[in-house]
Amino acid sequence: MSDSVLTGGTDSIKHDREMTSLLFICESDPSPVRMAEACVRARQEPGIDLIAGIPAGPARPSAVQVMREAGLDCAPAPNPQSMQAEADIVVAMDALSDKTRARLSGHPEIIEWHLDLDMPSDDSDTAALETWRGLRDTVQRLTADLFEHGYVKALKAARLCSNTILDNISDGIVAHTMNRRIFFFNKAAESITGYTREEVIDKDCHDVFPGKFCGGKCLFCDGAPNPLPDTVRRTVRLVAKSGEDRDVAMTVKAMRNGSASGPPLGMLISFRDLTRERYLERRVGEMRPYAGIVSRDKAMRDVFDMIRTVADSAVPVLIQGESGTGKELVAAAIHNEGARADKMFVPVNCGALPESLLESELFGHVKGAFTGAVRDKKGRFELADGGTIFLDEIGDISLPMQVKLLRVLQEGRFERVGGETTLRTTARIVSATNKDLTREIADGRFREDLYYRLNVVPIVLPPLRERRNDIPLLAEHILKQVLRDAGRSDGPSLSSEAIEVMLAHDWPGNVRELQNWIQFALVKAKGPNILPEHLPPATPAFSRSVARSPAAPLGRRRKSLDDSAVRDAMRRADGNKVEAAKLLGVSRATLYRYLDRAGLMA
């Protein structure tokens, strides 16, 4: 039995929702369905919209004969593929299979009659006609009960109640069968996506939404998974009907009939629109880790936006920034936020490998290609096929290697070292460098054509000294992470004095250097706080940063205080401690602590 027969074709007609639509199903034979339809038509009940039953086809001659005896017309029904099979009430005349139940459109109320349908194979004798007469009388009685005992009215009210509840939930609710055909779509789902129920019901969810409803990350992209996880939670980006992107938090749960171990009937998806929430977070600078990156700096929030924008495309990305700024974290975020997240992310440090070894690492080699090549080996491009290859320190590769890499970018083809077979790759290329490639091009060390192939989407990471407001956040985040990795539930806290030293530093090693500082401090600090003396000893770089401190706010400089200077500053500021701290070039907290220790606090 096809999905289109059960859920209606693409040319379906709409029913007046004031009507109660009724659908009869008998999986074993169309005759009982035609008999039930004849009984309902004969009653001429107001407000009843009789949908052509399933399966299609005429009743058997003996069934037609016994119905005529009762004055009922058992004529063949219209082709159900031209009718909408989204029923309010479904009557299952025989045992309804789980597969059929899952494909029913529109979340209907289901009545199961479980008739004994041992119909004769030979309709020519008197006994066979008596069997059909018995079935006719049973169908007439049960059909009459539907209306005369108020079952239809009660079931319609129950369905309206459940639909009203689901339509008033603020989360979008979607349900689809195991082959991705949508059979429920509430009002919040309409509001978030911009699509109406009529546009999505009975459609493949991958066909309705541009770029797929799941953003290319769902369990069903390659068919139904086996085994099927019970519940999956993820954040995805979907494209609304208007063409706008929507960031949504999505929960996908398998629907089962009966026990939790029963066969899955379909998938229930609830989702919440995070788009405005994320926008407001970026506007107010709220700190929220994104793909392992912590920042509230505007330049980094722009980087986050660019990651979201390019994640689902396949174009090359070039990440530029000083050493230690987190280029590999950004590359991994681009991979993990996109449709390739379930494929491999393969990093290669091009600057750490000599040319001969780098070629083998990237493209692989065949047995005997060089001394030590004792077997065939796949290269990183083969391993990353369908996923992402991250070429770190791309500015350090030689000109001959640049030519070979250019061919892969242009044609998607390469050969293993020592091999003759041409291989293809669909790996997405994300590269990174701490060098100024335009200067490298001018000096003849980097090919201009390769640069433009790699630099389709540039992402520039600011150094830590240009995002000083992130330093306290990063320091706290790294401290918690290091303690957690060490299995420690508690540890020292960062003092404000230590933070001041960090704010004054120039951070030539960027975030990586900050990580080293925190690890060093944890080794030295034995008390409840990390103090300046627990930080690494002064280095030439640190001395230079202090000498250049006019580039930083005065409150970030460290100065020694004495009573005379403090009294003079307080006099000049007319006792205003905030203004006095500015005159002294220290933070307000530092001045308060000094005044308290010196007994000068008013």
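Every read-out reported here was derived from the displayed coordinates using simple, explicitly stated rules and does not represent laboratory data. The structure displayed is predicted, hence computed values, not measured ones. Here Cβ is always computed from backbone atoms with ideal geometry, including for glycine, and neighbour counts include all displayed protein chains.
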With θ set to phi - 60°, apply the Karplus curve 6.51 cos²θ - 1.76 cosθ + 1.60 along segment 172-185 and write out the HN-Hα couplings as whole Hz, x wherever there is a Gly or Pro.
x, 10, 10, 10, 9, 6, 5, 10, 6, 8, 6, 10, 8, 7
Selected from I394, V430, A442, residue furthest toward positive end of dipole (segment 381-461; charges at beta carbon):
V430
Neighbours of N510 by Cβ distance under 9 Å: Lys/Arg at +1, Asp/Glu at -1, summed charge 0
If amide H atoms are built 1.01 Å from N in the plane of the peptide, which residues on other chains or at least 5 residues away come under 5 Å of the amide H of D49?
T20, S21, L22
I need the P(r) histogram for segment 393-503: all alpha carbon pairs, bin width 5 Å from 0 out to the longest distance, whole percents.
2, 9, 14, 13, 11, 9, 9, 9, 11, 8, 4, 1, 0
Which of the aspartates and glutamates could a cross-linker span from K480 if the Cα-Cα distance has to be under 12 Å and same-chain partners fewer than 8 positions apart are dropped?
D490
Would you pull out the residues with amide H under 5 Å of G419's amide H, same chain only if 5 or more places away, H placed 1.01 Å from N?
V366
Here segment 391-407 yields Karplus 3J(HN,Hα) values (6.51, -1.76, 1.60; θ = phi - 60°; whole Hz; Gly and Pro given as x) of 9, 7, 6, 5, x, 9, 7, 6, 4, x, 5, 4, 4, 5, 5, 4, 5
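Taking the mean number of other Cβ atoms within 10 Å as a proxy for protection, how do you rank 427-439, 484-496, 348-360 from highest to lowest? Mind dumping the intermediate values first?
Numbers: 427-439: 20.5, 484-496: 11.8, 348-360: 16.2.
Ranking the peptides 427-439, 484-496, 348-360 by packing returns 427-439, 348-360, 484-496.
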Would you mind checking which residues have amide H under 5 Å from I111's amide H? H placed 1.01 Å from N; only 5 or more apart, or other chain.
V90, V91, A92
Sum up the lysine pairs in segment 298-460 that clear both bars: alpha-carbon distance under 21 Å and a spacing of 8 or more or different chains.
11
